[in-house]
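Step one of this worksheet: look at the structure below.
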Amino acid sequence: MSSIMKKLVFAFNLILISSCSVIPNKEPVRDADLFTLIVLPDTQGYADIRHKETQKHWPGIGDQRSCFLTQTEWIKKNRQKLNIVMVAHVGDITQTEHDEEWKIADTAFKTIDNYVPYILCSGNHDMGYSQKYRKTSHSRKSRFSSYFKPSRFTKNPLYDSHFGSNRNLHFREKGKIENYYLFLKAGGMKFLILTLEFKPRDETLAWANKVVAQYSHYRTIIVTHGYLTTKKGQRTGSDSYSVKGNSGKSIWEKFIRHHKNIFLVLSGHAMENLLTSKGKNGNTVHQVQADYWYWDIPEIKAGSGFLRIMTFRPDKNTIDVQTYSPVVDRFLTRPKSKFSLDYPMQDKKK
């Protein structure tokens, strides 16, 4: 082989090696349609600075408000990396429904007010706390709408940019935030997300039925607080709360099972649970429950700061669910903490 030919072969091999070496270092291409819904489970213990109900379970536990703030700061920081399109709080925002506790929640959500849209749900701890009986849900009276006024959302340009100025948020009762819905477009699909009060009244379910039927072409997510049990199935009507309304089982029978476009129900109130049922029209409805504030994590006892990361993957027709704490930087890997839900998303026009 001539010296010229040797030089050409060497140069060719050098180019080939160089071109191959850069391939493994390239960033993997993320599915452009992939998006994330963050679920904030009960934050009541993180706002519990008034009566310190948490200390009844864990004597010596101090101020846990930093957990709440860490959660929303993490959401803000990771909104682009994870393509977070929505945050859903599943209720029990506060512990005893006191002004000081609502101020903590207000501060936490101000962190993401102008960055990530969110929808809130009222829990039993967010209404009618009786100081005399030290009991929640003694009535439906609440400061919820005083700290999270509808105008906080309707006057926020962020919601217009996501949902359209003519149909951003719709509230069942004027000036009240306990029952409302909004629209979301993500991954080429149209979603309706509707939140219900704790133990929703019959008139509330009648309203919800009408809304979901009207927007039957929207993929629908329902957010409500006390829906599943800690073991199996939906909650029945037997409980100790003074307010009257529908149990999880009644919500299913009177509302959810009748609509083919409802595919997901998010709830809190009591630990983890997962239930998949068939609606009246043969549609699959995933019912997912999460509540972590009182879990005994050895390093910090209560205040573990776990939240849910629900990643929608249209290319795989799955919703991948992870449970993560930005407070202790840990994932939970139990079967009800990490799992995937089958959900068809290929037909994005529906």
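Taking Cβ atoms as reference points and 13 Å as the exclusive limit, the residues near Glu272 contribute a net charge of +4, counting Lys and Arg as +1 and Asp and Glu as -1. The modelled label-to-label distance between Lys135 and Lys176, using points 7 Å beyond Cα along the C-beta direction, is 2.2 nm.
Converting phi to 3J(HN,Hα) with the Karplus coefficients 6.51, -1.76 and 1.60 and the offset θ = phi - 60°, the stretch 181-187 yields 9, 9, 10, 9, 10, 8, x Hz in sequence order, with x at every glycine or proline.
Taking amide H positions as modeled 1.01 Å from N, with prolines and chain starts lacking one, the residues under 5 Å from Ala88 and 5 or more places away or on another chain are Ile38, Val39, Leu40, Ile119. If you sort the three axes of the alpha carbon gyration tensor as a ≥ b ≥ c, you get a/c under 1.5 for the stretch 34-342, which makes it rounded. By the count of other C-beta atoms within 10 Å, a proxy for reagent exposure, Cys67, Cys121 are ordered fewest to most as Cys67, Cys121. Each label was represented as a point 7 Å from its Cα along the Cα-to-Cβ direction; for Ser146 and Lys254 these points are 2.9 nm apart. Karplus-based coupling profile of the stretch 242-254, in residue order and whole Hz: 6, 5, 9, x, 8, 7, x, 4, 5, 4, 5, 5, 8, with θ = phi - 60° in 6.51 cos²θ - 1.76 cosθ + 1.60 and x standing for Gly or Pro. When the square roots of the Cα gyration tensor eigenvalues are ordered a ≥ b ≥ c, the ratio a/c for the stretch 191-350 is 1.5 or more and a/b does not exceed b/c, which makes its shape oblate. Toward the positive end of the charge dipole of the stretch 34-342, with +1 on the Cβ of Lys and Arg and -1 on the Cβ of Asp and Glu, the farthest Cα among His89, Gly123, Thr224 is that of Thr224.
Holding the Cα-Cα limit at 24 Å, pick out from Lys76/Lys336; Lys135/Lys244; Lys174/Lys280; Lys260/Lys338; Lys190/Lys316; Lys103/Lys244 the pairs that are longer than that.
Flagged as over cut-off: Lys76/Lys336; Lys174/Lys280; Lys260/Lys338; Lys103/Lys244.
Amide H contacts of Asn179: Arg172, Glu173, each under 5 Å away and 5 or more positions distant or on a separate chain (H built 1.01 Å from N in the peptide plane; Pro and chain starts excluded). The order of Tyr46, Tyr159, going from fewest to most other C-beta atoms within 10 Å of their C-beta, is Tyr159, Tyr46. Projecting the Cα positions of Leu192, Gln71, Ser267 onto the charge dipole of the stretch 34-342 (unit charges on Cβ atoms of Lys, Arg, Asp and Glu, taken about the Cα centre) puts Leu192 furthest along the positive direction. Residues with beta-carbon under 12 Å from that of Met310, excluding Met310: net charge, scoring Lys, Arg +1 and Asp, Glu -1? Net charge in that neighbourhood comes out at +2. Around the Cα centre of the stretch 34-342, unit charges on the Cβ atoms of Lys, Arg, Asp and Glu (plus for the first two, minus for the last two) sum to a dipole of about 760 debye. If you add up the charges near Tyr46, with Lys and Arg at +1 and Asp and Glu at -1, over every other residue whose beta carbon is less than 11 angstrom from its beta carbon, what do you get? Around Tyr46, the charge tally is -4.
In this structure, the amide hydrogen of Gln287, modeled 1.01 Å from its nitrogen in the peptide plane, lies closer than 5 angstrom to those of Val265, Leu275, Thr276, Ser277, counting only residues at least 5 positions away or on a different chain.
Bear in mind these aren't lab numbers, they're just calculated from the coordinates by the rules spelled out. Note that the coordinates shown come from a computational prediction; the quantities given were computed from them, not determined experimentally. Quick reminder, even Gly has a Cβ in these numbers, built from the backbone with ideal geometry, and neighbours come from all protein chains shown.
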